[in-house]
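**Student:** Below: one structure in structure tokens.
The values are calculated or read from the model by the stated rules, or taken from the named source; none is laboratory data. Only a predicted model underlies this, so the values are computations on that prediction, with no experimental measurement involved. Neighbour counts run over all protein chains shown; Cβ positions are idealised from the backbone, glycine included. Remember, those area values only see protein heavy atoms, side chains included, never the ligands or the DNA or RNA. Shrake-Rupley method; radii C 1.70, N 1.55, O 1.52, S 1.80 Å.
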Amino acid sequence: MSDSFVAVAACDTIPDGKFIKVRVAGRALVLAHVAGRYYAVEDQCSHEDYPLSFGCLDGDRIKCSLHGSRFSLETGAPLEEPADRPIRVFPVKVMDGWVWIDPST
Ligand code: FES
């Protein structure tokens, strides 16, 4: 594993089906917990400069609240228009009861 991982939140602070906003290395990210897995994506829709943290989770997707595009939390791929570009996703690991993110990728 890369040495660039940063501990960002205790696992028990993010209920399953919820997300929190975190700031890591100057980046605003969404850290989501879905079905026992954690996902980190940039907190910015690829359609317009709008925070995805204003939206909601839909299973393993995050929905932008401005125009409704959904993105895969796994790959960042847009699943519905009007967004047609992926959002950035970041490697996540769980260790010692904490969620770690590598913001360097
Ligand atoms: S700003 Fe997110 S879909 Fe338009």
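**Student:** Looking at the structure I just gave you, is residue 7 more than 16 Å from the ligand (Cβ to nearest atom), in a strand (DSSP E or B), touching a residue at least 12 places away in the same chain (Cβ under 8 Å) and open to solvent by less than 20 Å² (accessible area, probe 1.4 Å)?
**Tutor:** Taking the combined requirement at face value, the residue does not satisfy it.
**Student:** Output the number of residues of region 64-83 satisfying the condition of being without any contact (Cβ under 8 Å) to a residue 24 or more places away in the chain and either of a type in the set (Asp, Glu) or in a loop (DSSP other than H, G, I, E, B) (or both).
**Tutor:** Within region 64-83, residues that are without any contact (Cβ under 8 Å) to a residue 24 or more places away in the chain and either of a type in the set (Asp, Glu) or in a loop (DSSP other than H, G, I, E, B) (or both) number 10.
**Student:** Looking only at region 57-105, filter to residues that are among the basic types (Lys, Arg) and open to solvent by 80 Å² or more (accessible area, probe 1.4 Å); which one of those is nearest to residue 26 (Cα to Cα)?
**Tutor:** 88
**Student:** Let me ask something else about it. Can you tell me which residues in region 59-78 are within 14 Å of the ligand (Cβ to nearest atom) and either under 10 Å from residue 41 (Cβ atoms) or modelled with pLDDT under 95 (or both)?
**Tutor:** The answer is 62, 71, 76.
**Student:** Okay, moving on. Residues in region 28-44: is at least one of a type in the set (Val, Ile, Thr), in a loop (DSSP other than H, G, I, E, B) and either more than 15 Å from the ligand (Cβ to nearest atom) or open to solvent by less than 50 Å² (accessible area, probe 1.4 Å) (or both)?
**Tutor:** no
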